[in-house]
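> Here it is, the structure in full.
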Amino acid sequence: MRINIIAKTLIIKGILLFPLYGEAWTVPDRIVELPLSAQSVSQVTAPNAIFKKQEPAVEIQAAKPISSLTPNADGPFFEKRKATLNQDEQGGVDYRRALEHISNGETTSAKRLLMSTLNEMPRHHASRIALGTLYIKENLLDGAEDLLAEGLRLDEDNADFLRLMAAVHNKRDEPDKALALLVKVKDSRTHDKNYMAFLGHVYQQTGRYALARQQYFRLLQMEPKNSLWLLGVSIALDAEGQKTAALDGYHRLTAEGNIDPGILKYVQDRINVLKG
């Protein structure tokens, strides 16, 4: 009676925001002074007037480029200068670019950026989570396992690494190994809906129906109209032999009429079996 009701893809939340490039502005104390232009001052009078001789015009010299000036106390001028990104900033840039590639379906480019970041900064956990999720989604389970094993060596209590490694084992139909990892997640993360649903699924897969029912019931209290959580509770009750309660849950699901046709057929079949 095992039925997979949990989506096995995980959603990455939260973007490190870093500037795409760095630029620093400095203000050396220097004023740029250009030579004054000369004016011709000849005086014109009536016809047959006498023209007064003037001094030769002052030659205008080209101004020096700003880059050649040196600071003094006369005044400011602005000089634009590019600053080099440090390793953490560059890692943030590459991570954000990778997320953009993922959103555009360009997973090959995203994986290249994430791997480059991790080669330089193995502790950039957000990149490891994003890359591990891509590997699992593409069924590259060996690569995901190696990547996450390294992450757990660096941070053995990381909840995201534990959940992703559990997802690898779940895809390999190794629910006991998945469960061993999920129960290590700290209490502060056990109220996350994705974690609760995944744990409920693994409890069902390992025959721990009372514990599965407990997880799905907690989810149903949070979202009373979620048909997947009601299905999880009903399946667990059914497996425990609580026929009346299971039938009640199954009937509620058919009455709602907004569940997947495949699941609806399963539910109707179970109703027929339990009614005898």
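> Here is a list of conditions, (1) more than 32 Å from the chain's Cα centre (by Cα); (2) surrounded by 16 or more Cβ atoms within 10 Å (Cβ to Cβ), and K275 meets all of them except one; can you say which number that is?
(2)
> Quick check on L148: is it more than 16 Å from the chain's Cα centre (by Cα) and under 27 Å from M222 (Cβ atoms)?
Here the answer is no, as L148 does not meet what is asked.
> Considering every residue within region 163-185, establish whether at least one is touching a Ser or Thr at 6+ places or on another chain (Cβ under 9 Å), touching a residue at least 40 places away in the same chain (Cβ under 8 Å) and in the same structural domain as E138 (by TED's automatic domain parsing).
Yes: one or more hits.
> Given the residues S188, S234, which is the only one that is without any contact (Cβ under 8 Å) to a residue 60 or more places away in the chain, of a type in the set (G, A, S) and outside the structural domain of I259 (by TED's automatic domain parsing)?
S188
> Suppose the filter is assigned to a loop (DSSP other than H, G, I, E, B), within 30 Å of D146 (Cα to Cα) and either of a type in the set (F, W, Y) or not assigned by TED's automatic domain parsing to the domain that holds R153 (or both); does H201 pass it?
Taking the combined requirement at face value, the residue does not satisfy it.
The values are calculated or read from the model by the stated rules, or taken from the named source; none is laboratory data. All figures in this text were calculated on a predicted structure; none of them were measured in a lab. Every residue, glycine as well, gets a Cβ built from its backbone with ideal geometry; the counts of neighbours run over all protein chains shown.
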